[in-house]
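Data block below; observations after.
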Amino acid sequence: RSLTTDYYEVSIREAQVEVLPGLKTTIMGYEGLFPGPTIKARAGRRAIVKHKNEMAHETVVHLHGGHTAPEYDGHPKDPIEPGETIDYKYENKQPATTLWYHDHTHMMEAEMVFRGLAGFYIIEDPAEASLGLPTGQYDVPLMLRDSRFDDNGQIVFEMDDFRYRTTLLVNGKPQPYFKVAPRKYRFRLLNGSNERYYTLSLSDGSPLVQIGSDGGLLAAPIPATSITFTPGERVDVVVDFSRYADGTQIVLNTFDHNTTTPVMRFDVTGSAVRDVSRVPTRLRPMRRLGAADVNRDIVFKLDRTTGGFVINGKSFDMDRVDETVKRGDTEIWTVSNPDTQPSVPHNIHLHGVHFQVLDRNGQPVEGHETGWKDTVAVPVGGQVRIKVRYQDYTGRYLFHCHLLDHSSMGMMAQLEVV
Ligand code: C2O
Ligand code: CU
Ligand code: CU
């Protein structure tokens, strides 16, 4: 063991867990947990995660948002067979941020993530401590997702049946409550749903202060009364409960069809505490990517003749390279979604890199979308433009819609960085 490497071991197995009160649900879980254990890594320090597949089914582990060498990126061509172990090497040469790891099995990622194969991977940087943000027990990752259960509490997965995934879970529990002290908390929100979008707000309308996005801290804090994020995206927020001694705050989702669904509840208890944490007015410099060398058009579409989901007319083929990108080039990608009849929402996720969002339907984006991103919504009947520069590794990386049922049905492609 060298001083500059951290080691982790994870066994991937089926397990019985209590998700719904009094019932045992069979899940696929990292360490048999739902969701998996949170792995904490350090910026600039290598981590080796030894994943042992103790299931009867193949799996492969992808670190979402990791600037990972292609051979450790969890490509579906590199499965961990039952009984096999693979060491994933993560250099963590990227800014501190909230990542997550999840299954990426060929055509199966939707089902296997839905059955539980997802967990947080947080890169921390001691240099960030001087900012004074809430830390320790006041820095809490929250994985939001939906699920569908039968009467016995078993998970029901049917491809693209998002209408029936009506049970909302936070860290694997249906609409939980969380006891908080009257002070500031940092919440690392992950949209871990396969297909559900969230527009989150607090029941009394008080602000969620966005401080981070997929790629780490924003330039400056951005307060919002509501935050929308799509599958795979992360938003770090600070919430100040000091004004609500002995009160309750409900986190609401208002995204769907004019309904308001409670996601979870915060119960503020205890007397005023000394809270030395703060949210500084500047978080970190945001360097804008320069002029573009290359322009690329990417079209996401439901192919109505085959029922498959395609990118630029093609369904995923792991032996085909769809785009070639020169390392170090700055590119503008125009990603569009012509699916209006019926309307099918998509987003785009790029492996191995973070990008900047230029605009959506010609309008500048706001809030967490002004930071570094690896996943962003592609509007129905419209387009989003992103600026991207691959610079860490050469080799093959996937990009896909992160509505995982869509990627599992073919809405995925790969590029080669040369
Ligand atoms: Cu989070 Cu290729 O995925
Ligand atoms: Cu990814
Ligand atoms: Cu999609």
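Which of the residues belonging to region 182-218 are over 29 Å from residue 163 (Cα atoms) and among the polar types (S, T, N, Q)?
Selection gives 206, 210.
Considering only region 71-114, how many residues are surrounded by 15 or more Cβ atoms within 10 Å (Cβ to Cβ) and under 21 Å from residue 372 (Cα atoms)?
Residues meeting the conditions: 13.
Condition first: assigned to a loop (DSSP other than H, G, I, E, B) and among the β-branched types (Val, Ile, Thr). Now tell me which residues in region 243-298 satisfy that.
Within region 243-298, 254, 259, 260, 269, 273, 276, 279, 281 qualify.
Out of all the residues in region 90-114, which are under 16 Å from the mean Cα position of the chain (by Cα) and more than 30 Å from residue 131 (Cβ to Cβ)?
Those that are under 16 Å from the mean Cα position of the chain (by Cα) and more than 30 Å from residue 131 (Cβ to Cβ): 103, 104, 109, 110, 112, 113, 114.
May I ask you to say which residue of 153, 136, 132 is at positive phi, loosely packed, with under 14 Cβ neighbours inside 10 Å and touching a Ser or Thr at 6+ places or on another chain (Cβ under 8 Å)?
On inspection, the qualifying residue turns out to be 132.
Determine, yes or no, whether residue 162 is at pLDDT below 95, surrounded by fewer than 23 Cβ atoms within 10 Å (Cβ to Cβ) and touching an Asp or Glu at 6+ places or on another chain (Cβ under 7 Å).
yes
Name the single residue that is farthest from ligand 1 (Cβ to nearest atom) among those in region 293-321 being within 12 Å of residue 409 (Cα to Cα), charged (D, E, K, R) and at pLDDT 95 or above.
301
Pick from region 41-74 the residues that are under 15 Å from residue 396 (Cβ atoms) and of a type in the set (A, V, I, L, M, F, W, C): which of them is farthest from ligand 1 (Cβ to nearest atom)?
So the residue we want is 69.
Which ones in region 389-412 are surrounded by fewer than 24 Cβ atoms within 10 Å (Cβ to Cβ) and under 19 Å from the mean Cα position of the chain (by Cα)?
Those that are surrounded by fewer than 24 Cβ atoms within 10 Å (Cβ to Cβ) and under 19 Å from the mean Cα position of the chain (by Cα): 397, 398, 405.
The values are calculated or read from the model by the stated rules, or taken from the named source; none is laboratory data. Keep in mind that this is a model prediction, so the values were computed, not measured. Neighbour counts are summed over all protein chains in view; Cβ atoms, including those assigned to glycine, are modelled from backbone coordinates with ideal geometry.
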